[in-house]
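Only one structure is covered here, and it is reproduced in the block below.
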Amino acid sequence: MAQPLSESDINQALSSLEGWEFNEDKISKEFSFNDFSEALGFIVRVGLEAEKQVHHPELFNVYNTVKISLSTHDAGGKVTQKDVDLAKAIESVS
Ligand SMILES: C[C@H](O)[C@H](O)[C@H]1CNC2=NC(N)=NC(=O)C2=N1
């Protein structure tokens, strides 16, 4: 099972993930698009990556914005390498 990362490991990982923040045991980022249709397309691409990785994000959408928060339920809701890996995949489809 994935182990929680230390705060310094999380901050080091985030140094190469632009716009991602570590707060309240999650890593998160808000993405903005031109309209709802583009935001929805992004959500679908993120969902396909999540299914590939068998690791799933929290998604919050309001019209053209999508806020994504990542943590690992199986590790007591802490941030693990699985969250960092999904964040990298999300960057590649954003
Ligand atoms: C059985 C399955 O592998 C687990 O339930 C996975 C699915 N997706 C998951 N997603 C997240 N974010 N955390 C988990 O612990 C998790 N566990």
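Rule-based calculations on the coordinates, nothing more; no lab input. Since this is a predicted model, take the numbers as computed values, not measurements. So basically every Cβ, Gly included, is an ideal-geometry build from the backbone, and we count neighbours across all protein chains shown.
Data for the structure
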{"quantity": "Mean Kyte hydropathy of 0.0 or more with a Cα span along the axis of at least 20 Å, helices from DSSP in the chain", "calculated": "36-53"}
{"quantity": "Sparse-neighbourhood loop sites, chymotrypsin sites (Phe, Trp or Tyr not before Pro) in the range 22-94 - DSSP loop, at most 10 other Cβ within 10 angstrom", "calculated": "Tyr63"}
{"quantity": "Length-normalised contact order of the range 7-93 in % [C-alpha pairs under 8 Å, at least 6 apart]", "calculated": "31 percent"}
{"quantity": "Listed residue (Tyr63, Val93, Asn34) projecting farthest to the positive dipole end of the chain, Cβ model", "calculated": "Val93"}
{"quantity": "Span from the the range 8-30 Cα centroid across to the the range 35-58 one, whole angstrom", "calculated": "19 Å"}
